[in-house]
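Down below is the structure, laid out as structure tokens.
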Amino acid sequence: MADRRLPRFHAVTDDATLARPGFAAAARAVLAAGGPDLALHLRGPRAGGRVLWELAASLARAANDHGALFVVNDRVDVALAVGAGAVQLGRRSMAPPDARRLVGDGLLIGASVGSAREAADAAVAGADFLLAGSVYATPTHPGREGIGVMGLADIAGLGTPTVAIGGMTPERVAEARAAGARGVAAIRAVWDADDPAAAVARFLEAWKDADD
């Protein structure tokens with residue numbers, strides 16, 4: 001992985017989040033709250049390319065202003081066009097080696113994995129970091145059991161920097177960190193909060209408390 005430290009908290013969007021009135025303003029507040037400890041993932045599987053590009057162009061500038069890592073999920077073309085810091089590849093995205101040929105060494109490549117075997121394959125394929133989960137059952141993936149803390153530990157133990165996702169709350173940060181996670185990620189715990197920026201601050205505070 002490039003020598004940049006992986007942020008401790010990753011705020012991930014989905015289509016419902018992007019469609020909410022005031023999303024862009026909330027995202028800018030989240031970036032200000034997290035600064036260098038935050039990665040903002042722009043993820044919208046059903047969003048059109050123009051919508052994603054317009055959002056990405058605006059949020060990439062805001063992320064740069066606050067020293068945050070801006071990540072575009074799945075769309076390597078959009079990530080390159082706006083100067084994102086990373087691209088996150090899901091199971092239906094292009095393979096990491098293909099993405100690497102396009103982005104070179106300028107962007108970090110993340111891979112979404114759900115098992116140690118997938119994690120090992122992603123590492124061999126050149127992923128710089130992993131989003132591992134779902135750790136706990138979550139409405140984002142209905143009917144799917146979580147891999148649990150032990151599954152997270154198996155993935156993190158392989159050595160590629162790992163971010164825990166799926167059912168994460170501030171109260172669960174310490175056990176994710178104890179399992180070897182280098183960071184945690186959330187969708188609903190951020191965007192469904194009354195104050196998304198305050199939610200980010202709570203996650204980061206929980207990470208610092210785990211140091212004690």
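Simple rule: put +1 on each Lys or Arg Cβ and -1 on each Asp or Glu Cβ in the chain, find the dipole, and look at Y136, A201, N73; the Cα lying farthest toward the positive end is N73. Solvent-accessible area assigned to carbon and sulfur over the chain amounts to 51 percent, based on a 1.4 Å probe.
Each of A24, G35, H10 was scored by the projection of its Cα onto the charge dipole of the chain, and the greatest displacement toward the positive side belongs to A24; charges sit on the C-beta of Lys, Arg, Asp and Glu.
On the beta carbon distance between R61 and R92, with R0 = 30 Å, the FRET formula returns roughly 0.55. Accessible surface area normalised per residue over the range 1-160 is 46 Å², counting heavy atoms of protein chains with a 1.4 Å rolling probe. Computed over the chain with a Gaussian network model linking Cα atoms closer than 10 Å, the most mobile of R92, R144, R188 is R92. The Cα atoms of the range 36-150 give a gyration tensor whose axes a ≥ b ≥ c have a/c of 1.5 or more with a/b greater than b/c, which makes the shape prolate.
Of G34, G110, G157, the residue with the greatest mean-square motion in the GNM of the chain, using alpha carbon springs below 10 Å, is G157. Modelled label positions at D15 and R50, each set 7 Å beyond Cα in the direction of Cβ, lie 1.9 nm from each other.
Shown for the range 93-212 is the translational diffusion coefficient from the Stokes-Einstein equation, using the Kirkwood radius over Cα pairs, a temperature of 20 °C and a viscosity of 1.002 mPa s: 144 µm²/s.
A Gaussian network model of the chain, with springs between Cα atoms under 10 Å, assigns the largest mean-square fluctuation among L42, L69, L18 to L18.
For the chain, a crude dipole built from +1 on the beta carbon of Lys and Arg and -1 on the beta carbon of Asp and Glu, taken about the Cα centre, is about 460 debye to the nearest 20. Note on the chain: Cα-only Rg and Dmax are 15.6, 45 Å.
Over what distance in Å are the Cα centres of the range 75-152 and the range 178-209 separated? So the two Cα centres are separated by 19 Å. Label zone (L80, point 7 Å along Cα-to-C-beta; backbone nitrogen cut-off 16 Å) within the range 38-54: 53.
The values are calculated or read from the model by the stated rules, or taken from the named source; none is laboratory data. Small disclaimer: the values here were computed from a predicted structure and weren't measured. All Cβ positions, even for glycine, are placed from backbone atoms using ideal geometry, and neighbour counts span all protein chains on display. Just so you know, the surface numbers come from the protein's heavy atoms only, side chains and all, with ligands and any DNA or RNA stripped out. Shrake-Rupley method; radii C 1.70, N 1.55, O 1.52, S 1.80 Å.
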